[in-house]
Structure formats: structure tokens, C-alpha cells
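A quick write-up on the structure given underneath.
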Amino acid sequence: MKYIIANWKANKDLDQAKTWANDFLQLLREDPYTRHGFEHDVVTLIICPSFPFIYPLRQLFQGHCNIEIGSQNVSQFGDGTYTGEVTAHNLSSLVRYSIIGHSERSQFFHETDADIGQRLQNARQFGIIPIYCVPKIPGQLPAEPTLLCYEPPNAISAGDGRGNNISPAYVHELRTRIKLPDTIAFIYGGSVNKNNVKEYLRYQNIDGVLLGGASLDPAHLFAIINAAIATAG
Ligand code: PGA
């Protein structure tokens, strides 16, 4: 199983989010190869939009096997007097996954390792599987089901999916060196697009990719999903 994580970041309004979903679903209706890939557990897509679009996307993708909706964060707080926060409890019946610890959160919002630890714990408490983003592999790895996403900040694109991606051979070698429990899937993020995705996913030990810029266009994302299915043979 390969994971494709679409991190929309702070993009789109409601109409654009719905248009994206309808365009994607149209491509899916027209392509039995891709449908087969989803239906036979070859690939899982996790779409992570801004909070307001989680529910409408969830409705639009309902019943589509291996297409999940995720959030881009969960609060470090529990329910309570925290105006503007979105807690793991708030999200618990809406998402199965959440990105946690993305480097843009520490860069622009000063999230600390302690905050991130609390967010991971809160997510798990409410049955949300973390997509735990790290700039380098931490000494202490979680034992619980987690998608561990290696995404060095200087590899992340300015929003178009074309930046200084880390070489696929290096990512493969790194993954070979670290010992991961079976409960952890190893994901790479940083300037992955339809031209380079196969170079990562052809390695058995790279379980998926996290996309920013390349996920904003449904046709581009669709091409990436088909490339992922093709690497599975
Ligand atoms: P990018 O973003 O694909 O636009 O480089 C990836 C990320 O945020 O990890």
C-alpha cells in the first residue's frame, strides 16, 4: 500500500474545494485503472484541506474506498476556553488522519517539540492517526500507528511542487538505516510532483509521499496516483 497525502495548506475557497473534488471524481469515473488501484488497496489518498472544507469533502468522497479526509493539525489543547482552536475531540468523527508537526507550523507559528508531543497525544486519544512530520528522523520514535513523514524544510517548494527535492536514493538509504516498528509507515515530502514521484515510490521501503503544490490541481494529483499504482507493478 502506498500513501499519497495531499496537503492543500492555506489554499482555496469553498467553491474551489468543491470544484477540485468534482473534477477529481470525474477523472476517477473515467479511469478503471485508478479505481482498481483504490479498490485493491494499492493506494490510499488522504486529502488534507483547511478545516472548513473537511465536512463538505467528506460528503463528496463518502463511499470511496481508500480516499480519506485528514486535517492539517489538531490543537495542543483539549476542549475548553480556547477560542479559535480546533481540538482532536472536535475532529474525531470527521477525520481519520491529521498532519502534525509540519515545519511550516514551527516556522510561522512557533510550535515547539512539547506542543507537537501534546498534539500527537491528543490525536491518538481520539483515534486520529498522526501524519507526524519531522525535519530529521527523531531519536525517539512512536510505537503507535503513525505515518512518519520525513520532510526537510529546504526541500519544500514555494507552492508549485518544484523545489530542491531530496534525492530518492538518499531517502531510500535513510529509510534503510533506521529501524522502524511495523506500525510506522515511512513517507517522504518535499517538491514531489508527477515527474519525480516514481523515483521515490519504486523503493519498497518508501511507503508514500506528501504533496503540497502538486496536490492543488486534481489532474496533477491524479497523474501522481496513477504513477504510484504503476510502481506497485
Ligand atoms: P511541496 O510541499 O510538495 O509543495 O514541496 C511539501 C510539504 O509541505 O512537505
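The values are calculated or read from the model by the stated rules, or taken from the named source; none is laboratory data. Please read all numbers here as calculations on a predicted model, not as lab measurements. Virtual Cβ from ideal backbone geometry, glycine too; neighbours counted across all protein chains shown.
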Would you tally the residues in region 90-112 being farther than 15 Å from TYR55 by Cα, assigned to a helix (DSSP H, G or I) and either modelled with pLDDT under 95 or not aromatic (Phe, Trp, Tyr) (or both)?
5
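Quick check on this structure: which one of ASP115, ASP182 is out of contact with any strand residue (DSSP E or B) (no Cβ under 8 Å at 6 or more places or on another chain), in a loop (DSSP other than H, G, I, E, B) and over 28 Å from LYS18 (Cα atoms)?
One residue alone meets the criteria, ASP182.
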For region 208-227, give me each residue that is under 15 Å from VAL42 (Cβ atoms), within 15 Å of the ligand (Cβ to nearest atom) and surrounded by fewer than 24 Cβ atoms within 10 Å (Cβ to Cβ).
ALA227
Take the residues in region 185-206 that are part of a loop (DSSP other than H, G, I, E, B) and within 15 Å of the ligand (Cβ to nearest atom); name whichever of them is nearest to PRO135 (Cα to Cα).
GLY190
Would you point out the residue of region 4-41, among those that are within 30 Å of GLU104 (Cα to Cα) and among the acidic types (Asp, Glu), that is farthest from the ligand (Cβ to nearest atom)?
ASP15
So THR44 ticks every box in (1) under 16 Å from the mean Cα position of the chain (by Cα); (2) crowded, with 16+ Cβ neighbours inside 10 Å; (3) within 16 Å of the ligand (Cβ to nearest atom) but one. Which box is left unticked?
(3)
Residues in region 137-153 that are under 15 Å from LEU210 (Cα atoms) and either more than 10 Å from the ligand (Cβ to nearest atom) or not charged (D, E, K, R) (or both) total 7
